[in-house]
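The next block holds one structure in the form of structure tokens; read it before the comments.
The values are calculated or read from the model by the stated rules, or taken from the named source; none is laboratory data. If you're wondering where the values come from, they're calculated on a predicted model, not measured in any experiment. Positions of Cβ are backbone-derived with ideal geometry, glycine not excepted, and every protein chain shown enters the neighbour counts. All accessible areas refer to the heavy atoms of the entire protein, side chains included, with ligands and DNA or RNA removed. Shrake-Rupley method; radii C 1.70, N 1.55, O 1.52, S 1.80 Å.
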Amino acid sequence: MKNHNMLHNKRTFTISFGCLLALLFFNASLKAQTITPKDSAANYYEVENITLPDGLVAETGAIGFMPDGRFVACFHRGEVMMYNQKTKQWKMFAEGLHEPLGMMVINNHEILIMQRPELTRVKDTDGDGVADVYQTVTDDFGMSGNYHEFAFGPIADKQGNLFIALNLASNGAGIRNEIRGKYDSLSRPGRMYSCVPYRGWIMKLGKDGILKPFAVGFRSPNGLGFDAQGRLFVSDNQGDWLGTSKLFHVEEGKFYGHPAGLIWKEDFPRVVPINLPVARLDSMRTKESIQFPHGYFANSPTQPILENTGGKFGMFGGQMLIGDMDHKYAIRLLMEEVGGAMQGACIPLNFGSKMRIGNNRLAFAPDGSLWVGQNDHGWVGARGIQRITWKGKNHLDIMAMKLTKTGFDLTFSMPLDPAKAQDLLNYKFRRFYYEYHQAYGSKQFDVKDVPVQSIKLSADGKTVSLTLAELKAGYVYELKTGDIESTDGKYLFNNLICYTLNQLR
């Protein structure tokens, strides 16, 4: 009887132990399936919040770096502050400015700052770290006192010429009794207007100190930047005459779409600009290089900057990035020249969930980190400053989108899994256009899905050539990619890309 009980207990233990092993194996398998994270931006970028002084209203209007490594930031209420990255201490450099929304560092003691009334030289002449000289560089443009007459810049070309941008006024408020510059009521009808020179213009300040009108047709050009080839690009925000937000390649003497500022053009007839036929204005304008689809892609693009860190920020050297007020990412600009004009694609560059919105100003530090100044200013946005550091590993991303005669070539950062790269279901195209008209914004017109007819993968596995059922000029081609992976299992998490097709090859 005793031996029988011992045998029974041994069998029970053996069976229980086997069940336990099976259960442990099942749980481990289930755990591996449920907690193993997919690839994400947080694996590649670290986002750090910079602590700001108590009491500061951190609506950031401009940021940059002094040659000695100090970070400098301008804030909306007029403060200009220096930040020592080693001590993590802030120090007031200058104050009392009026809505500073751009700056350019000259040396360790001198900054040019674009405030609402003028471009100002701010200098520390005695070396105590506090500015003691404020000099007007130029104020040769009009001011009506309207709240929407912001001013942006400056940036310098390779010859040393400076460029600034002047906002239009808004009919959401009036003008002051005392104005600066000649008053002209010709463009007052409409939502946005230019009743003093040169609202709605990009201005050029030569080395001779003379400020001259350079290009016209802008509404709210909140960002200027040069690409690696020295071409000037300017962003503009959705509104009247802008169906969606845009990026323009700006050249001297050209008109870029918003008619209000045309009254300051020397050869423009004495007519109310918005009374001209839309078709005529459309024929006059130079089209944007990139359109940012409104709502889900970008609502208010900000400052375009060149990634020139020499590899310290990753694999995007030579490309341009731009901020946006409404989304938790930067945007990469993948442009190309077609038919003598610039056009191309935009794609989000995600940094992870710690990123805030309101990304108004961008600057690369000497160590290659990206610093972002945030602003809300009564609209959608956030406040503060964040530092983004690349962790040293490359992720799977689209490095180029090139137009072909039959579709697009997509070049990726690493070889793709062949089966997934050549799966038609992983490429969902649709095309649409935004109407050029006086009304505020535009819906998407003539929306149509465009099937991919064939796919060819390059020998190195990095380039996918897509043949589309249709290509039409004048449309935005939006691509949402599916379950695309690299050969080592990394997946494409920046999976929305939009190409502005102005001209066919």
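List of remarks:
- One residue stands out among those in region 224-238 that are at negative phi and of a type in the set (G, A, S): the one that is surrounded by the most Cβ atoms within 10 Å (Cβ to Cβ), which is S235.
- Pairs where the first residue, in region 434-451, is among the hydrophobic types (A, V, I, L, M, F, W, C) and the second is not in a strand (DSSP E or B), C-beta under 6 Å, 6+ apart: F445/E435; V450/A469; V450/E470
- Region 400-409 - residue that is open to solvent by 40 Å² or more (accessible area, probe 1.4 Å) and either of a type in the set (A, V, I, L, M, F, W, C) or assigned to a loop (DSSP other than H, G, I, E, B) (or both) and, of those, farthest from R505 (Cα to Cα): T406
- The set of residues from region 374-398 being in contact (Cβ under 8 Å) with a residue 24 or more places away in the chain, in a loop (DSSP other than H, G, I, E, B) and more than 15 Å from H327 (Cβ to Cβ) comprises H377, R383, K391, K393, N394, H395, L396, D397.
- Within region 199-211, residues that are of a type in the set (D, E, K, R) sit with their Cβ atoms under 7 Å from residues that are part of a loop (DSSP other than H, G, I, E, B), at 6+ positions apart or across chains, in these pairs: R199/G142; R199/E149; R199/N167; R199/L168; K204/N161; K207/G160; K207/N161.
- Members of region 252-264 found to be outside any helix (DSSP H, G or I) and touching a Gly at 6+ places or on another chain (Cβ under 9 Å), listed by number: K254, F255, Y256, G257, H258, P259
- Any hit, region 104-115, residues being of a type in the set (A, V, I, L, M, F, W, C), outside any strand (DSSP E or B), at pLDDT 95 or above and open to solvent by less than 50 Å² (accessible area, probe 1.4 Å): no
- Of all the residues in region 148-178, those that are touching a residue at least 24 places away in the same chain (Cβ under 8 Å), closer than 22 Å to P273 by Cα and assigned to a loop (DSSP other than H, G, I, E, B) number 9.
- Residues being in a strand (DSSP E or B), of a type in the set (G, A, S) and open to solvent by 50 Å² or more (accessible area, probe 1.4 Å) - total across region 455-505: 0
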